[in-house]
Each structure stands twice: as C-alpha cells, then as structure tokens.
Amino acid sequence: MTARVSHEFSSPPERVFDAWLDPESVRAWMGHALRAMGLPGEVRTIAIDPRAGGAFEFSDLRAEGEARHWGTYLALDRPRSLSFTWITDASEEDDPSVVRVAIRPAGAGCVVVVEHEFSDRWKEYIDRAESGWRRMLAGIAAGLGERPSP
C-alpha cells in the first residue's frame, strides 16, 4: 500500500532538499504541520544524522503525551531524492514503512513527490498519511517563505 502526494515549490531543489535535513528547518515545518492538524505544534526533539545509515528522531507534545517519529536514512542524493524508514511505534521496528522523496526541477522551482509505502496491515491509514504529508510539504513551503498553494 502506498500513500502518494506531491507539491510544487517555487524554491530550487537544493533548498527544498536541505529543509528535510536541517534541524531548525524540520522544527519549523513540523510545527507548522502539527498546528495545521489542530495540535499544539510543540516540537520537543530533533535529532538528525543526515547520511545513509544515519538515524533521525522527532517528537512533539500532545494531550496524550509525547509522540515520537524515528527511522533510518536509506539513501540521500542531494538535491534529487532521499528515502528513509518511518516508525511511530516500537511494534513497527521489525516491519517499518518506507518513505521516498523525489525532487524534480520545474522552472526556477521544483516538484516534490512523497511516496510512503506501508504493509497491508496499515492500509486504513493511507488517507491519514497523505493528509499528514500534504501538511508537512505545506510546512516546508511556509518555512521557505513561499505563499500557500491556492
């Protein structure tokens, strides 16, 4: 099962790629996305080791406690693509989902396509994942100073 979303950016591919790996950029766009979902948007933890095999962890505070997201970078090809595992619960560590981000030049900007592959046991979360990735891409755009898409 695959969730798939795309977003057009007016920023060049290098700036968009770097926004995925810079801790302060991630803090800004993740906070924006969380607030867009009606959550407080208080990002507590950002740890990024931006290399193939490197790990990352993000966490935010919610009413039910701290929500963690973590994984391992599988590949980074600046400014074209990155892929990583995506885990939100320890029960997923043996069968993590995989996120692939493709960044293609388009005029002075770029188009980003996010594909999030899940095992069949998570198929009921595809729409929710697409909504979340749309908000995260909009958060990246906002962090880059771009206007919201119509």
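The values are calculated or read from the model by the stated rules, or taken from the named source; none is laboratory data. None of these values were measured; they are calculated from a predicted model. Quick reminder, even Gly has a Cβ in these numbers, built from the backbone with ideal geometry, and neighbours come from all protein chains shown. Surface areas here come from the heavy atoms of the whole protein model, side chains and all, with no ligands, DNA or RNA. Shrake-Rupley method; radii C 1.70, N 1.55, O 1.52, S 1.80 Å.
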*With charges only on Cβ, +1 for K and R and -1 for D and E, what is the dipole size of the chain about its Cα centre, in debye, rounded to 20?*
560 debye
*asked:* Need one number: convex hull volume per residue for the chain, Cα atoms only, in Å³.
replied: 108 Å³
*If you bin the C-alpha pair distances of the range 1-58 every 10 Å from 0, what whole percents do you get?*
19, 42, 37, 2
*Hey, what's the chain come to in accessible area per residue, 1.4 Å probe, Å²?*
53 Å²
*Which of Ala3, Leu61, Gly71 sits farthest toward the positive end of the charge dipole of the chain, with +1 on the Cβ of Lys and Arg and -1 on the Cβ of Asp and Glu?*
Ala3
*So between Glu14 and Asp94, what do we pick up on full extension, going 0.36 nm a residue minus the alpha carbon distance?*
25.5 nm
_Tell me the accessible surface of Glu146 in square angstrom (1.4 angstrom probe, heavy atoms of protein chains only), to the nearest ten._
30 Å²
*Could you work out the helix-only [θ] at 222 nm for the chain, with each DSSP H run of four or more residues adding -39,500 (n - 2.57) and the total divided by the number of residues, to the nearest 500 deg cm²/dmol?*
-8000 deg cm²/dmol
_Ranking by accessible area, most exposed first, for Val111, Val101 with a 1.4 Å probe_ = Val111, Val101
*Can you pull the percent of the chain's accessible area that's carbon plus sulfur, 1.4 Å probe, other chains left in place?*
48 percent
*Can you work out the PRE-style zone for Arg62? Point 7 Å along Cα to Cβ, and I want the residues of the range 26-56 with backbone N under 16 Å.*
30-45
